[in-house]
1. So, counting K/R as plus one and D/E as minus one, what does the shell of residues with Cβ under 12 Å around R97 add up to?
2. Simple spin-label model, 7 Å along Cα-to-Cβ: D9 to R101 in nm?
3. For K180, go through the lysines and keep the ones whose alpha-carbon is under 23 Å away, minus same-chain ones fewer than eight residues off.
4. Just to make sure I understand: if all protein chains stay in place, what is the order of E155, E64 by accessible area at 1.4 Å, largest first?
5. Need one number: nm distance between label points at E22 and R173, each 7 Å from Cα along Cα→Cβ, rounded to one decimal.
6. How high is the FRET efficiency from R70 to S134, r the C-beta distance, R0 45 Å, rounded to 0.05?
7. Please give the contour-minus-distance gain from A86 to A57: 0.36 nm per residue of separation, less the Cα-Cα distance, rounded to one decimal in nm.
8. Could you grab the relative contact order for the range 9-108? Cα pairs under 8 Å, six or more apart, rounded to a whole percent.
Amino acid sequence: MSQPREEPDDPALVAASLRDPESFGELFRRHGPRLHAYIKRRLGPTLADDVVSETFATAFRRREGFDDGRAEFGAWLWGIASKLIAHHHRQETRMYRAFARTGVDPAEAGVAEATDDRVAAAALGPQLAKALASLNAQDRNALLLLAWGDLSYAEIAATLDLPLGTVKAKIHRARKKLRKALPEAKNDG
């Protein structure tokens, strides 16, 4: 009876990809879907495929410089994606403003998995989009990594290469602005 083979961890796959570039594909399989869903929420479906592809292409080109002692692969990858998303800041802001005006979510599918969450998000959608568009890019990025990327504060700090306290302050500031912009949301929870 043979024991099941253990899956290599992310740093081992990065190292293996230096000898066998095809092994990098496993990293895409592991991290691609979650990253795609997040980028789709940030930039819309039109840009999501391109930004995910560019994120992985950049990671592949720079894989030799990946230092697993400094960061986890996921945080390193999300950091690359965050920088690419920042290049599309105007598109993201336009998308939120259009959502605020029309009430139609350009990302369509939404992040909320539960029906109640979808209904609540739809009711607040235009106001939320307007409030998100009003946040500065760094605060919005930190908040959306938490809310839509489902990253922990520590993962966000690693992703953005910021101290944990700075990330907490950015998210606190963003939440405070959103609460002001969405007064009826305060009474629901």
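1. Details: positive: R90, R94, R101, K130; negative: E92.
Surrounding charge for R97 is +3.
2. 4.9 nm
3. Of all the lysines, those that pass the test against K180 - Cα under 23 Å, at least 8 places apart if same chain - are K130, K168, K170.
4. Ranked list, largest accessible area first: E64, E155.
5. Rounded to a tenth, the inter-label distance reads 4.9 nm.
6. Working: r = 34 Å, r/R0 = 0.76.
Once rounded, the FRET efficiency stands at 0.85.
7. Separation in residues times 0.36 nm, less the Cα-Cα distance, equals 8.7 nm.
8. On the way: 70 pairs, mean separation 31.4, N = 100.
Relative contact order for the range 9-108 comes out at 31 percent.
The values are calculated or read from the model by the stated rules, or taken from the named source; none is laboratory data. In this text, all values refer to a predicted model and were calculated from it rather than measured experimentally. Positions of Cβ are backbone-derived with ideal geometry, glycine not excepted, and every protein chain shown enters the neighbour counts. When the accessible area is computed, the model is the full protein with side chains, heavy atoms only, and any ligands, DNA or RNA have been set aside. Shrake-Rupley method; radii C 1.70, N 1.55, O 1.52, S 1.80 Å.
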